[in-house]
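> Can you keep this structure in mind? I'll have questions shortly.
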Amino acid sequence: MAVCARLCGVGPSRGCRRRQHRRGPAEAASADSEPDTDPEEERIEAGAALAGSRPGPSAPRCSLLELPPELLVEIFASLPGTDLPSLAQVCTKFRRILHTDTIWRRRCREEYGVCENLRKLEITGVSCRDVYAKLLHRYRHILGLWQPDIGPYGGLLNVVVDGLFIIGWMYLPPHDPHVDDPMRFKPLFRIHLMERKSATVECMYGHKGPHHGHIQIVKKDEFSTKCNQTDHHRMSGGRQEEFRTWLREEWGRTLEDIFHEHMQELILMKFIYTSQYDNCLTYRRIYLPPSHPDDLIKPGLFKGTYGSHGLEIVMLSFHGRRARGTKITGDPNIPAGQQTVEVDLRHRIQLPEAENLRNFNELSRVVLEVREQVRQEQQRQQEGEQEDGQDPASPTGEPPAKGAAAGPAEGTAEGHQEPEGSSGAAAQQPTEPGQPFVLPVGVSSRNEDYPRTCRMCFYGTGLIAGHGFTSPERTPGVFILFDDDRFGFIWLELKSFSLYSRVKAAFQNADAPSPQAFDEMLKNIQSLTS
């Protein structure tokens, strides 16, 4: 009844039109003679002001029903689309006005970015109201970023409104090892209105064009797709032709061009495994990491080199004085969802001079000294907590990460104290524009075109494991910040170097509703492959 009061310009005790239909004339007259005690008084007067009358004790009340239709169209078009169905139930006049396509065209544009003109829709026989109610509003829960459940390989799906379609684009890294190249993408499904009855879901997988598919929202932040015509995925040349086509798309080369036998095995394994998921897939929502003013660089998605596994997508996020790199795509050794690198922003490393940096043993000595310092700090903190009768855990209730300090740092590799109350890397910005950087002799790299200067370096740990994610362990390494869009990591034990470059794509509907929701998301995707 409060809604009715706001819309009609009168309260429930002053003759609401809907209420009068359910009362006799005597009851209505009695209600009109009662003193005005409506709690919606201020809102009603505000509604009158909208209609052009000045609120006041002596000002006449103006009902929305007395406004001209064109003004009502303008008012209704400014309301959220989810409120309009309730508005249509108020009276016949409102319901008739809400069939005006101008209202729904504005809601489609402001809420979902649809800029198609009405004439194009009229040709197809579909109204803007149909587009809003049967397409955009119905499938609004699947817009945003998702990670497909493809075993250890994962992936990145971006569901967007594209004109009069909702399209699910699978984002793929560029061909190995060109990390600075833009991302590649291909459509997996699309949804649109072919007729006014309901939306049509089409599978875009394969090379025979769109065909019938199905989408089911399993639960909050999870949905699945299913293809009903998998014969459209097959090629006339059989599995060999399908593999050659997949290899050109995935790696940009033929199998004969790949001379490394181990790499050939990994590629064949991935094709066999992923091709099993061409008819049905489940997706789980992922969020972009929240950004803070004191972050080392802007967090986000990065493409990184991972040896024979090729390029993979990693999400860099900041958590106080630590940075984490979480795999969005993965491999049989370290699957998607796992934390591939962790950076201790309290322990900055001063690299040796360029001449000495070429000596791997010299770099190893510097890193291992910092690791020992981190170990001692962690041990002292645990002993102090045990003396106080506390559980040796971090303030958040999580156990300290292996290989990283959990308590306040006493110093860095340069031997200077960190300022009290420093919240991370922002307090450690270098005074010089950069320092020379070169990979030590013996450290392998997929991409030799890495920057030759860096801003700063930090101690970190990298996750390594055997095939099938067996015997995982965190090993020491060096995090190298080159610029705002590139960083690297030297895996000391593997004697290898990974170069990462920012994914420069604009993603909508991908922000976490809260920092807690983002942390929970990280835990969920990691638990799936632990």
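The values are calculated or read from the model by the stated rules, or taken from the named source; none is laboratory data. Computed from a predicted model, the values in this text were never measured in an experiment. Every residue, glycine as well, gets a Cβ built from its backbone with ideal geometry; the counts of neighbours run over all protein chains shown. Protein only, heavy atoms only, side chains kept; ligands, DNA and RNA dropped before computing areas. Shrake-Rupley method; radii C 1.70, N 1.55, O 1.52, S 1.80 Å.
> Can you list the lysines whose alpha carbon is less than 18 Å from that of LYS504, not counting same-chain residues fewer than 8 positions off?
Output for LYS504: LYS186, LYS298, LYS303, LYS327.
> What is the calculated FRET efficiency for GLU493 to ASP449, with r their C-beta to C-beta distance and R₀ = 30 Å, to the nearest 0.05?
It comes to 0.75.
> Separate question: Modelled label-to-label distance, ASN228 and HIS141, 7 Å Cα→beta-carbon offset: nm?
2.1 nm
> Can you tell me the relative contact order of region 144-283? Whole percent, Cα pairs under 8 Å, sequence separation 6 or more. Write out the running numbers ahead of the final one.
Details: 215 pairs, mean separation 25.5, N = 140.
It rounds to 18 percent for region 144-283.
> At 1.4 Å probe size, with no ligands or nucleic acids counted, give the accessible surface of ASP484 in Å², nearest ten.
Surface open to solvent at ASP484 totals about 80 Å².
> Can you tell me how much longer the chain between GLU70 and GLU355 gets when fully stretched, taken as 0.36 nm per residue apart minus their C-alpha distance, in nm with one decimal?
Numbers: separation 285, 0.36 × 285 = 102.60 nm, distance 7.71 nm.
My answer for the length gained is 94.9 nm.
> Evaluate the relative contact order of region 441-530 (contact order divided by residue number), counting alpha-carbon pairs under 8 angstrom at least 6 apart; express in whole percent.
Over region 441-530, the number comes to 22 percent.
> What is the extension gain from LEU528 to GLU385, computed as 0.36 nm multiplied by their sequence separation minus the C-alpha to C-alpha distance, in nm to one decimal? Write out the running numbers ahead of the final one.
Working: separation 143, 0.36 × 143 = 51.48 nm, distance 3.18 nm.
Using 0.36 nm per residue and subtracting the Cα-Cα distance, I get 48.3 nm.
> Tell me, what is the 1.4 Å probe accessible area of CYS227, in Å² to the nearest 10?
10 Å²
> With +1 on each Lys and Arg Cβ and -1 on each Asp and Glu Cβ, how big is the dipole of region 429-484 about its Cα centre, in debye rounded to the nearest 20?
So the magnitude is around 140 debye.
> Once ligands and nucleic acids are excluded and a 1.4 Å probe is used, how much of GLU70 is accessible, expressed in Å² to the nearest 10?
Only protein atoms counted, so the area is about 130 Å².
> Would region 181-226 count as rounded, prolate or oblate if I go by the C-alpha gyration tensor, calling it rounded below 1.5 in a/c and otherwise prolate when a/b exceeds b/c, oblate otherwise?
oblate
> Also: Quick one: which residues, 5+ away or cross-chain, put their amide H under 5 Å from the amide H of ASP176? H built at 1.01 Å from N.
Counting only residues 5 or more places away or on other chains, the set is LEU311.
> A follow-up question, please. Order LYS226, LYS186 by their accessible area, 1.4 angstrom probe, all chains in place, largest first.
Highest to lowest solvent-accessible surface, that is LYS226, LYS186.
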